[in-house]
There are 2 protein chains.
Amino acid sequence: MSLPLGFTDHPSELLRVGAGFTLAQQPTNAAPGFTGGKAEGVATLSQRAPVLARLQEQLFAESRFGGKKSALLILQAMDTAGKGGIVGRLVGAVDPQGVKLTTFKAPTEQEAAHDFLWRVRPAAPGAGMLGVFDRSHYEDVLIHRVHGWADGTELERRYRAINDFEAEMATAGTTVVKVMLNVGPDEQLQRLSARLHDPTKYWKYSPTDLDERAHWPAYMAAYQKVFEKTSTEIAPWYVVPADKKWYARIAVQEILIKALGGLNLQWPAGDFDLEVERARLKDA
Amino acid sequence: MSLPLGFTDHPSELLRVGAGFTLAQQPTNAAPGFTGGKAEGVATLSQRAPVLARLQEQLFAESRFGGKKSALLILQAMDTAGKGGIVGRLVGAVDPQGVKLTTFKAPTEQEAAHDFLWRVRPAAPGAGMLGVFDRSHYEDVLIHRVHGWADGTELERRYRAINDFEAEMATAGTTVVKVMLNVGPDEQLQRLSARLHDPTKYWKYSPTDLDERAHWPAYMAAYQKVFEKTSTEIAPWYVVPADKKWYARIAVQEILIKALGGLNLQWPAGDFDLEVERARLKDA
């Protein structure tokens, strides 16, 4: 496997959650496998953007001629970890026509009246689409575990339901990539502070951010459990150090490129007779 | 009014459809009001992108604190005119979280069983969102007129229904901007030919493109009628020369910037006590 520019090892290998994974041992401020600093990272992001854009266009193009493949990027993280930046930089660099972004907030009254997957299933990407979940059904085993809104039996049921759901998507042709942006508590504190000292960022701050921050160890335990229960062969988790935003972006970019690259996507031949159409064009 | 970089007149003024507008007299290969060439246009697109991104972020931010404003860009054009490029370059340059893109294809069986606005109403942007329609309800008075799928009485009913619908959106706080990308038939022929001579573009070609091209004068007549019937004070049409893709992009960018700039958007103050939260943060 050829390595992307600036990497000594592929982030898909380095950051994938495997057996024996321990979240507490993962660095948040590192740049695993990348030889450069911020300047090189920013350059890599730009240079690799067209590769991702081309793969996404091929995925979309195939679907116009019967292709059934799709992809889904699930993003989870503590507040301020940079989900928005990932969405803006990576997803913003591909054709918006082929992206289906869903931001999951606290459930509405109607959503809360249904099973937790009720609102998630319709958000699954159709053929040719790159779906992106900004938060997801994992909130139902994270914040729900931290606050005791679901008991142990219910949480076990949800882990199984999630694995079943993701297996269904995989069977339907969807490549599922799950990313936890792993920001450290010190870095989070700095970012929250920045939001309270810049009038253009006040709107991003909510007092509940600090309430949730107080549950940090419980969240980390909940994530650890999530990884143990739901990092599967067909829908693996990647834990991406996120204190350096530039690194998180190139790491997720490469993870996506590798996932799409593995689909053996091709430019469709078209379903028309090329010579006939070229001749028609001459008379048009 | 200050003029954007490189412009001697504002595209919002030059390209707006007013009384006595005649589509047949509009150039397709011009760059009205812009002093530079392609290189300057491409540079302008990059330089002005952050301005549009900031306005869109403010629109979104206001909505988090009760703001009701939104915006809707409606794109119509003959095939190959560059709608996709506008969506990719302009919309891709703002935060995807705040964009609601809807691509209207031929109606499904279910959609066709309802009034033509049935599928359009749910696509209207909610508070804080920049909605984008890639094609729209105007297909129901364009292709339907060209092919005689709706008679004169029905077309008149639809023009009125469209004006009522857009007035409703305006009343609800949506700024509606309607853009027709005006590509010339010669340029279209070249672009179709390019699609038939590049294997990475075959998938974008459909034999029906040439079928529709044969109806060019009828389409132009249908557009002329659309402009006469539906270019209103609250939802004006802009006809943007589109033979030069770079020009169409900066013109639409400036039209959007001016539309959003007119909303007097502000960064929200937040709904918390700044000093209290800063103090909490120190102990967090």
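The values are calculated or read from the model by the stated rules, or taken from the named source; none is laboratory data. These numbers were taken from a predicted model, which means no experiment stands behind them. Here Cβ is always computed from backbone atoms with ideal geometry, including for glycine, and neighbour counts include all displayed protein chains. Ligands, DNA and RNA are stripped out before the accessible areas are found, and what is left, the full protein with its side chains, is counted by its heavy atoms. Shrake-Rupley method; radii C 1.70, N 1.55, O 1.52, S 1.80 Å.
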Check your understanding: Scanning the range B:143-158 for residues that are in a loop (DSSP other than H, G, I, E, B) and hydrophobic (A, V, I, L, M, F, W, C), which turns out least open to solvent (accessible area, probe 1.4 Å)?
Key -> B:A150
Check your understanding: With respect to A:H197, is the statement that it is without any contact (Cβ under 8 Å) to a residue 60 or more places away in the chain and either farther than 23 Å from A:E228 by Cα or among the aliphatic types (A, V, I, L, M) (or both) true?
Key -> yes
Point to revise | Only one of A:E233, A:E212 that is assigned to a helix (DSSP H, G or I) and either under 26 Å from B:L59 (Cα atoms) or out of contact with any Gly (no Cβ under 9 Å at 6 or more places or on another chain) (or both) | key: A:E212
Revision key, fill the gap. Picked from the range A:260-278 (must be open to solvent by less than 50 Å² (accessible area, probe 1.4 Å) and free of Cβ contacts under 8 Å to residues at least 12 places away in the same chain), the residue nearest to A:G66 (Cα to Cα) is A:F272
Check your understanding: If we scan the range B:97-105, do we find a residue that is free of Cβ contacts under 8 Å to residues at least 60 places away in the same chain, in a helix (DSSP H, G or I), within 14 Å of chain A (Cβ to nearest Cβ) and in contact with a Ser or Thr (Cβ under 8 Å, 6 or more places away or on another chain)?
Key -> yes
**Study point:** Residues of the range B:51-67 satisfying the condition of being more than 9 Å from chain A (Cβ to nearest Cβ), touching a Leu at 6+ places or on another chain (Cβ under 6 Å) and polar (S, T, N, Q)
**Key:** B:Q56
Review point. Mind checking which residues of the range A:68-87 are open to solvent by less than 20 Å² (accessible area, probe 1.4 Å) and within 10 Å of another protein chain (Cβ to nearest Cβ)?
Key: A:G85, A:V87
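For (1) open to solvent by less than 20 Å² (accessible area, probe 1.4 Å); (2) touching a Phe, Trp or Tyr at 6+ places or on another chain (Cβ under 6 Å); (3) closer than 15 Å to A:T80 by Cβ, each residue gets a yes or a no:
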residue	(1), (2), (3)
A:K204	no, no, yes
A:D209	yes, no, yes
A:R213	no, no, yes
A:W216	no, no, yes
A:E228	no, no, no
A:W237	yes, yes, no
Practice item. Would you mention how many residues in the range A:1-51 are open to solvent by 80 Å² or more (accessible area, probe 1.4 Å) and under 19 Å from A:A81 (Cα atoms)? Key: 5
Review point. Which members of the range A:160-201 meet the condition of being out of contact with any strand residue (DSSP E or B) (no Cβ under 9 Å at 6 or more places or on another chain), open to solvent by less than 10 Å² (accessible area, probe 1.4 Å) and not in a helix (DSSP H, G or I)?
Key: A:L196
Practice item. Consider only pairs whose beta carbons are under 6 Å apart and that are at least six residues apart or on different chains; among these, list those whose first residue lies in the range B:110-128 and is over 30 Å from B:F65 (Cβ atoms) and whose second residue is in a helix (DSSP H, G or I) and open to solvent by 30 Å² or more (accessible area, probe 1.4 Å). Key: B:R119/B:E111
Check your understanding: Is it the case that the range B:146-164 has a residue that's under 17 Å from the mean Cα position of the chain (by Cα) and of a type in the set (F, W, Y)?
Key -> no
Study note, to complete from the structure: Log entry, pairs with first residue in the range A:206-224 being away from chain B (no Cβ under 14 Å), second being open to solvent by 40 Å² or more (accessible area, probe 1.4 Å) and small (G, A, S), beta carbons closer than 7 Å, six or more apart or on different chains, reads A:M220/A:A24
Practice item. Return the only residue of B:T200, B:T174 being more than 19 Å from the chain's Cα centre (by Cα) and not acidic (D, E). Key: B:T200
Point to revise | Checklist (1) within 14 Å of chain A (Cβ to nearest Cβ); (2) at pLDDT 95 or above; (3) in contact with an Asp or Glu (Cβ under 9 Å, 6 or more places away or on another chain) applied to B:F133, failing item | key: (3)
Exercise for review: Residues being assigned to a loop (DSSP other than H, G, I, E, B), in contact with a Pro (Cβ under 7 Å, 6 or more places away or on another chain) and open to solvent by less than 30 Å² (accessible area, probe 1.4 Å): count how many of those fall in the range A:52-67.
Suggested key: 0
Practice item. Would you check if there is a residue in the range B:259-280 being among the β-branched types (V, I, T), assigned to a helix (DSSP H, G or I) and either more than 9 Å from every other protein chain (Cβ to nearest Cβ) or touching a Pro at 6+ places or on another chain (Cβ under 8 Å) (or both)? Key: no
Study note, to complete from the structure: Selection from the range B:104-142 of residues surrounded by 17 or more Cβ atoms within 10 Å (Cβ to Cβ) and hydroxyl-bearing (S, T, Y) yields B:S136, B:Y138
Check your understanding: Got at least one residue in the range A:121-142 being assigned to a loop (DSSP other than H, G, I, E, B), of a type in the set (S, T, N, Q) and out of contact with any Pro (no Cβ under 6 Å at 6 or more places or on another chain)?
Key -> yes
Review point. Which members of the range B:58-102 meet the condition of being among the polar types (S, T, N, Q) and at pLDDT below 95?
Key: B:Q97
Review point. What residue, of A:A222, A:A194, is over 15 Å from the mean Cα position of the chain (by Cα), closer than 14 Å to A:Y138 by Cβ and not aromatic (F, W, Y)?
Key: A:A222
**Study point:** Number of positions in the range B:165-200 that are of a type in the set (G, A, S) and over 24 Å from B:A31 (Cβ atoms)
**Key:** 4
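Taking the range A:58-89, which residues are without any contact (Cβ under 8 Å) to a residue 24 or more places away in the chain and on the phi > 0 side of the Ramachandran plot?
The one that is without any contact (Cβ under 8 Å) to a residue 24 or more places away in the chain and on the phi > 0 side of the Ramachandran plot: A:G66.
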